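The block underneath contains the structure these notes are about, expressed in structure tokens.
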Amino acid sequence: METVIITMKNPPALYLEADNVSPDAFAGKTAAQIAELHVHEGNVTSTFGKYFDVSGHAGATAADTKIIVKGDVKKVKYLGFKMSAGELVVEGSTDQYAGAWMTGGKMLVKGNADAFAGTAMKGGELTIEGNAGNYLGAAYRGDWRGMSGGRILVKGNAGSDIGMYMLGGEMIINGNADVHVCTHAEGGKVIIKGNAKSKVGGQMVDGTIYVFGSIDTMMPGFKPAGEIELEVDGVKAKFAHYIGDMGERHKKKKGQIVYANLYKKI
Amino acid sequence: MSEYIIKNGHVFDPVQGIKGDKKDIAIKDGKIVDKVGSGAKVIDATGKTVMAGAVEIHAHIAGPKVNMGRIYRPEDKLFTCTPTKGMERMGGGNSIPTTFKTGYEYAKMGYTTAMEAAMPPLFSRHVHEEIRDTPIIDEGAFPVFGNNWFVMEYLKNKEIENTAAYIAWLIRVTKGYAVKVVNPGGTEAWAWGLNCLSVNDPVPYFDITPAEIITGLIEANEYLGLPHSLHIHPNNLGNPGCYETTLDTLKLAEGFKAKNKFGREQVMHLTHSQFHSYGGTNWGDFESKAKEVTDYVNSHKNITIDTGNVTLDETTTMTADGPFEHHLTGLNNLKWANIDVELETGSGVVPYIYSPNISVCAIQWAIGLEIPLMMKDPMRCYITTDHPNAGPFTRYPRVIKWLMSAKAREAQVNAFKHKDKVLSQTSIGSLDREISLYELAQMTRAGPAKSLGLASMCGGLKPGMDADVAVYNFNPDKPVANPDDIELAFSRCAHVFKSGVEVVTNGEIVSNGHKRTLWVNVKVKDNPQVMRDINEKFLKYYSMTQANYEALGHHFVPNPYTLEVDATQV
Amino acid sequence: MATINVNLISGRSIQQGVAIEGGKEKPAYRTAAGIIELDISDFKKLGAWKNTNVRVTSDHGSVVVKAIETTQGPHPGLAFIPMGPWANSIIDPNTYSTGMPTFKGVPVKVDVAMNEPVLLGIELVQKLCGVK
Amino acid sequence: MTKTITDVICPFCGTLCDDLEVVVSDDGKQLLEVYNACVIGTEKFLHSQSKDRVTRPRLHQPDGTWKEISYDEAAEYTAQMLAKAKKPLMYGWSSTNCEAQSVGNEIAEITRACCDNTAAVCHGTTLIAVQDIGLPSCTLGEIKNRADRIIFWGCNPAHAHPRHMSRYSIFPRGFFTGKGQMSRKMIVVDPRVTDTAKMADVHLQVEQGKDYELLNALRVAFRSEWLPDFVAGIPKEKIREAADMMKSGRFGIIFFGMGVTQSLGKNHNIDEAIAVTKDLNEYTKFSIMPMRGHYNVTGSGEVFAWQFGFPYSVDLTRGFARYNPGDTSSIDLLVRGEVDAMFTIGSDPGAHFPISAVRQFAHLPSVCIDPHLTPTSGVSKLHVPVAFNGVETGGNCYRMDNVPIDCRKVVEPPEGMLTDEQFLIKVRDRVRQLKGAA
């Protein structure tokens, strides 16, 4: 696997849209060619080289291309946009849309990632070692097709509206999550190791949420369904089981109504 | 205005019976003429196909429900928005394009006239603002009458003359074009959460049936002698077995003759017939009844139809058939918008995905093609997708490919997941007819123009007619190597002229033209009773005043083209 | 005199509506919107007379308004400031990435500030923005 | 001699009353009396006559004073600011007509700006919810003629839409509602005992910020499923009672306002309220409608939608339209420090944005187009006073139920004053030159 290292040298006055920073866009290109790719600061389009130093060169395909992003990219959006293979490592924190619409490959953000990370993710792995912003792994506005595959791991806390319209895949939050988890979800699995606030699983049709910590306010649409011994992400424990959203429509499988499940560690 | 001569093209013009002969088309001062001076700009159409600008008889392209579709479907635009380009404004939207994109896409495909199929009268000012912002193409809009309180109250007592006077008033104040009926009585019933699924279901409270509304409106339409006939979306759309309601509806036209000065021969236009030609009792035994419907239409000259072809895309359904959209959201659980309109009508919007992997969708696709292939007279059957209901209008080139190439149809049938079901529930597999370019010109130009009462103005290339001309990169002398070449050729014109102005060159917009709004001004005898009734309804039941109801002012209809009708002597 | 903690909401009132149309540079605007409506029970806790100036402080700022008895109560524990610069000096700008700040449901503390003036609307915004 | 103009449209709130009568002097220069309007609407018409009105553009000087300049100089300043900016924000549009909005959109397209309307701080979250789940709705005449169940959720029409209840929702006698108020049941959901709540048959005094839970509980109650004893401070019996009252009507409507759009839950509160409405259509007929604030915020959304495809928070900086509140929405753009110029028209962000957002634009190049003196004009570099739309000029507007109504001009603006549209056309023509646009 070949490696490209891009280093921020001239941070933008406003914000930078770098939707070309993905193994797919870099594949088969030399450092010089990569420096010619477009980036956008507001309505001004310029080249990558104006903001970044580029060293190394990409592999022939996305799959054998690794990108390392160094320097201050806190005000850079769209890193890993639509990536399908290869690796992308962001050594610091980044702004919105990290790994948005990604379908494969591995993306690692060592700092924080702002809102809309992993939007409508279809596959691959997105790891955020710091905190994630709002709408992590959620659907784009108006779309009923949210995260459908892949895995998101957040080592810190996550914002609100994570997993909205989730259809599949897995999301693990080691810290706490803000309001609204898996709203409208029809599948997938979300594990919150810390605390959840409120409005957890609202309008959920199908799918599963595990909460290890506390939930400030339960949705009235989630009905107690006893206790159960489970092993979740390597942790064996007793969980209070709730089914819901009892106010929402649900599919039937073999004549049985299928509810969404919420498990809260006791 | 500049002069043009389009040389050596293969001309297809049903109006003059020209079937592909090499012929020059001369343009001067916005009209087709016999000859032009030597200074005329020469367009070389050698090896190309030349037709009149195409005429869209039924599409939902402007107004409240279309814009509701735009407002509530950002995902329909995701990654598809296009930048400003020369004189082209920004565009966006797959199934519900912005107004600018709508005008440009029609023009690039050679369409120069289009009809908005359902205008809620209360919202006419909105419809006209969008029409104003849709460049190039001439547009008209059909106000809906089938659930209108005035109409139902007059027709309950068989008051044809009052109905006619009211229609004349409403078409004038809304700057409308024709009498549209959608699910007669059913949408009023929907205001109470109910519906009328047959022509004999009584309308709640109003003590009238859909059948009485339909026949009464045909009579009133012919009493006035409007350019277009009653334009109907019958009851019971989209349900298995609905073809029986469709036949019951068509039979209501029996005995009526067209009375008008515009050369129109039909008294009823059945729209998106595909949605009304279903057999079976449920989605399992769902089957085509295209033969039953087309047999009836073939043997009854006073009816025209359009197809409503399913294009197998993700799209957005929208109709004044409020109860149908509620039914649909129950089937696919996708977002549902509904707009009931006081005293007049209603509408609903729901996204829909016509998946080639779902047998019902594949059968709908087949029915949409069976109908034009089974229709004997192409002058009475017009190609539509009921945009955006069965698919976006931007798919016309693909529909044309399927109609002109049995090979293309076969390839699609083979690609279906439930191929066998499609073949057993329809007769698409046994239809080897291929629509000729001449028939295509009938189905997309001369036919719809005649049905709309515009035969003397557009849809043909006869000297004296508007110079709406489309030149396609399609050589009729050469055998079609690959059906996809047909789709490609009809997607982007080499040249398009609108009223004598070159608006498209090599598939690119070169002028925003002089877009016109077509409307019908009908004069009737003074009718104080109807005027009193109107006044009373506004005082008591409307939520706005009568004085603010009319679409007046330059910003609503900046460039009108008025068809004058005098019904005072009837 | 005590400090009380209440849940603040901002919103429309007809007096505020009339005042914005009458001119936001005028004292009438301050009279209509430079106020906080408190439940009578919260007045007791605060240990203040009606119609005294108070300082309202949240995590997002601090502003002086006149405390009046609620006209649309009872709503113990809840306080209301008509929408406008006074409320917006202290409401929560968090949009949760929806574009909409949290104009309603902001924890605030209220202290009596008898001798501090309630600024005029335009004056207040200019001061908080450091603009003359 | 005086003239009386009838069927005048009130340019204040989304109720867009169109039955006002205005008495003007014979020469049409003075507005003397206003009939049928609410107290706010009346004030709006009369204020246009105030003697201390600013009638010429003014540049803010460093010492805090203002220097009067001509409209041409103001247009030049505005065009230069927009043309130079990398990411200008063109905000407002809700108190002007659709014609001006269209010209504004052309300017935004040429300068590749972000454009947004006051839905950003009003019903923006409603639009997000509608995009997620739809909107079963109707025109206001349907309510008047048919509705027998009226729910006001987190809105207070007695204060914010003063004539709403008398014209459309509670008192009028319609075609199927001959007994007027007697034929209707009224439910109000509000954490305060508002003047609207005082009129209700049932008032659910919801715990502030728990609307989402209460709406969810109603849906559970419709299905007669298990409920906890209390939800959002309301006992379950009372919730089931309210649910039955909704189901038992023939035609119901939920009107909602800032109480749900601005509280915790935001778009989800509306989303669940729409789900409630959708559920109720399984039992009877139900609709839902946002109580839109500014008289033409709805029109701005309509024009944005048919021209760009999105109803608000539209980002044109890349040369094509994009939309995603949280990224492209005014408050986030300002608080995050994403924009470098601020253009305001037909609204007052200085008064109605959180102060942290106002601070941001107070230190940017900024232009404020507004007939009034406002906190926004007070912190802007250039203030351009214009004629009052709906009073001194006409133009199309959209009511809260999306019904378009063409406003009327009733009186002449002060000598030499331009309308929004006239000024914007000057700016548009200049930015065309500066940007070399077609």
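Any read-out appearing in this document is the output of simple, stated calculations on the displayed coordinates, not a laboratory observation. Here the structure is a predicted model, which is why all the values come from computation and not from measurement. We place every Cβ from the backbone using ideal geometry, glycine too, and count neighbours over all the protein chains shown.
General observations
- Distance between modelled label sites at D:S224 and D:E237, nm, 7 Å Cα→Cβ extension: 1.9 nm
- Sequence-separation-based contact order of chain B, relative, with Cα cut under 8 Å and 6+ spacing, percent: 20 percent
- Beta bridges per DSSP with both ends in chain D, % antiparallel, nearest 5: 40 percent
- Sum of -39500 (n - 2.57) over DSSP H runs of 4+, divided by residues of chain A (222 nm, nearest 500): -500 deg cm²/dmol
- Computed per residue of chain D from DSSP H runs no shorter than four, each worth -39500 (n - 2.57), the mean residue ellipticity at 222 nm is -10000 deg cm²/dmol.
- Charge dipole (Cα centre; +1 on Lys/Arg Cβ, -1 on Asp/Glu Cβ; no other charges) of chain B amounts to roughly 1240 debye.
- Bridge type composition, chain B - antiparallel percent by DSSP, nearest 5: 50 percent
- Positive-end extreme of charge dipole, the protein assembly as shown - chosen from D:M400, B:L331, A:I67 (charges on Cβ): A:I67
- When the alpha carbon gyration tensor of the protein assembly as shown is reduced to an equivalent ellipsoid, its three semi-axes come out at 48, 38, 34 angstrom, largest first.
- For the listed peptides D:341-348, C:5-12, a ranking on the average number of other beta carbons within 10 Å per residue, highest first, reads D:341-348, C:5-12.
- Placing pseudo-labels 7 Å out from each Cα toward the beta carbon at A:D53 and B:K31 gives an inter-label distance of 7.5 nm.
- Gap separating the Cα centres of segment A:110-152 and segment B:307-367, nearest whole Å: 31 Å
- The alpha-carbon of B:K261 sits under 18 angstrom from the alpha-carbons of these aspartates and glutamates, leaving out residues fewer than 8 places away in its chain: B:E219, B:E222, B:E564, B:D566.
- The value obtained for segment D:2-47, namely the Cα convex hull volume divided by the number of residues, is 59 Å³ per residue.
- Phi angles across segment D:333-348 convert, under the Karplus curve 6.51 cos²θ - 1.76 cosθ + 1.60 with θ = phi - 60°, into 3J(HN,Hα) values of 4, 6, 5, 7, x, 8, 10, 10, 7, 10, 10, 10, 9, x, 5, 9 Hz, Gly and Pro given as x.
- Ratio of Rg to Rh for chain B: 0.95 [Cα atoms; Kirkwood radius as inverse mean 1/r over pairs].
- Taken about its Cα centre, the protein assembly as shown carries a charge dipole of about 1040 debye when Lys and Arg each add +1 at the Cβ and Asp and Glu each add -1 at the Cβ.
- Partner chain coverage, peptide D:366-378 - average Cβ within 10 angstrom: 4
- Spin-label model distance (nm) - B:N357 vs D:D27, 7 Å beyond Cα toward Cβ: 7.6 nm
- Placing +1 on the Cβ of every Lys and Arg and -1 on the Cβ of every Asp and Glu, with nothing else charged, gives segment B:1-104 a dipole about its Cα centre of roughly 180 debye.
- Ranking D:P228, D:L218, D:A273 by how far each Cα lies toward the positive end of the dipole of segment D:202-296 (charges on Cβ) leaves D:A273 at the top.
- Residues B:K48, C:K132 in ascending order of nearby Cβ atoms (within 10 Å, fewest first): C:K132, B:K48.
- Taking the fewest neighbouring Cβ atoms within 10 Å as the starting point, the ordered list for A:F212, D:F176, D:F171, D:F388 is D:F171, D:F176, A:F212, D:F388.
- Here the contact order of segment D:1-99, divided by its residue count and restricted to Cα pairs under 8 Å and six or more residues apart, works out to 15 percent.
- Charge-dipole axis of the protein assembly as shown as Lys and Arg at +1 and Asp and Glu at -1 on Cβ define it, positive-most pick from B:N309, A:A185, A:L136: A:L136
- Over segment C:4-129, relative contact order from alpha-carbon pairs under 8 Å, at least 6 apart, %: 38 percent
- In terms of surrounding Cβ atoms within a 10 Å radius of their Cβ, D:H203, D:H294 rank from fewest to most as D:H203, D:H294.
- By the rule of a C-alpha distance below 13 Å, with chain neighbours fewer than 8 residues away ignored, the aspartates and glutamates paired with A:K251 are A:E186, A:D206.
- Of B:K101/B:K407; B:K175/B:K289; B:K65/D:K238; C:K104/D:K198, pairs whose Cα-Cα distance is over 30 Å: B:K101/B:K407; B:K175/B:K289; B:K65/D:K238
- FRET efficiency for the pair D:T6 and D:V202, taken as 1/(1 + (r/R0)^6) with r the Cβ-Cβ distance and R0 = 56 Å, rounds to 0.90.
- Partners for D:K179 among lysines (Cα-Cα distance below 17 Å; same-chain residues under 8 apart left out): B:K540, D:K144
- Spatial separation of Cα centroids for segment D:55-102 and segment D:170-185, in angstrom: 48 Å
- Amide hydrogen proximity for A:L153: with H placed 1.01 Å from N in the peptide plane, the residues at 5 or more positions away or on another chain lying under 5 Å are A:L126, A:T127, A:I128, A:I172.
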